[in-house]
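The block underneath contains the structure these notes are about, expressed in structure tokens.
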């Protein structure tokens, strides 16, 4: 069964706009990760945020984590056509890693 | 540094057959995890191998089995294939026994069961 639920399921924006994706989960976690997947191929790790962190930045990516609400958000600023992909949140706890169903982001040039 | 590789890239089997998928982990990594990703869904955790031992398992039946070799490469075996086994199979390598660390994914093997 999947742990995380991404919202929205699909998002379409113009190049240069910001994209925000949300993830909710159900059980306690050690960390939360975001991954990107292009065209049904392998996943690429974007960022990891630990349960004792509230916000993390990496280049144009900003991730927040609210453990009291069991939710996280991924913000991509100044989006580019190359950001078109599916984005997944994944929650890790001991020997279990669970992914959501993903948000499909389309960035139009 | 060599990335995660998987073989074959595509595979077509018929129902009831058996299949073996292979994964070479990234150099320096000692843990391999396998995932099944159905079309339009997120990856589902199958199992993890750490130092040649199964270290965790998702909700998959026993006909899904695996191995990890001394060089940390790994195999996923699926017996008695069913139509619903059609999916993208991903392996990921990492360092250490804990699933919560960053995982590095291979490009996947796309399996079609007819």
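Summary table
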| quantity | calculated |
| --- | --- |
| Scope the stretch B:59-79; condition under 19 Å from residue B:4 (Cβ atoms), touching a strand residue (DSSP E or B) at 6+ places or on another chain (Cβ under 6 Å) and crowded, with 19+ Cβ neighbours inside 10 Å; matching residues | B:66, B:68, B:74, B:76 |
| Some residue of the stretch A:84-95 being facing chain B (nearest Cβ under 9 Å), without any contact (Cβ under 8 Å) to a residue 24 or more places away in the chain and surrounded by 13 or more Cβ atoms within 10 Å (Cβ to Cβ) | yes |
| Condition check for residue A:67: free of Cβ contacts under 8 Å to residues at least 60 places away in the same chain, over 30 Å from residue B:86 (Cα atoms) and touching a strand residue (DSSP E or B) at 6+ places or on another chain (Cβ under 8 Å) | no |
| Output for the stretch A:38-83, where each listed residue is under 22 Å from residue B:101 (Cα atoms) and within 9 Å of chain B (Cβ to nearest Cβ) | A:41, A:42, A:43, A:44, A:45, A:48, A:50 |
| Condition met for residue B:30 (free of Cβ contacts under 8 Å to residues at least 60 places away in the same chain and surrounded by fewer than 21 Cβ atoms within 10 Å (Cβ to Cβ)) | no |
| Index of the failed condition, residue B:102 passing every other in (1) touching a residue at least 12 places away in the same chain (Cβ under 8 Å); (2) within 21 Å of residue A:97 (Cβ to Cβ) | (1) |
| So residue A:31, is it more than 9 Å from every other protein chain (Cβ to nearest Cβ) and either farther than 27 Å from residue B:5 by Cα or out of contact with any helix residue (DSSP H, G or I) (no Cβ under 6 Å at 6 or more places or on another chain) (or both) | no |
| Single residue of B:89, B:72 found to be at pLDDT 95 or above and either away from every other protein chain (no Cβ under 14 Å) or assigned to a strand (DSSP E or B) (or both) | B:89 |
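Residues are listed down the side, and each one gets a yes or a no for (1) within 9 Å of chain A (Cβ to nearest Cβ); (2) in a loop (DSSP other than H, G, I, E, B):
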site	(1), (2)
B:21	no, no
B:32	no, no
B:36	no, no
B:42	yes, yes
B:49	no, no
B:65	no, no
B:96	no, yes
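For (1) at pLDDT below 95; (2) assigned to a strand (DSSP E or B), each residue gets a yes or a no:
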| site | (1), (2) |
| --- | --- |
| A:2 | yes, no |
| A:11 | no, yes |
| A:21 | no, yes |
| A:29 | yes, no |
| A:39 | yes, no |
| A:53 | no, no |
| A:57 | no, yes |
| A:64 | no, yes |
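The values are calculated or read from the model by the stated rules, or taken from the named source; none is laboratory data. What you are looking at is a predicted structure, and each value in this text was computed from that prediction instead of being measured. When we count neighbours, we look across all protein chains shown, and the Cβ atoms used for this are built from the backbone with ideal geometry, even at glycine.
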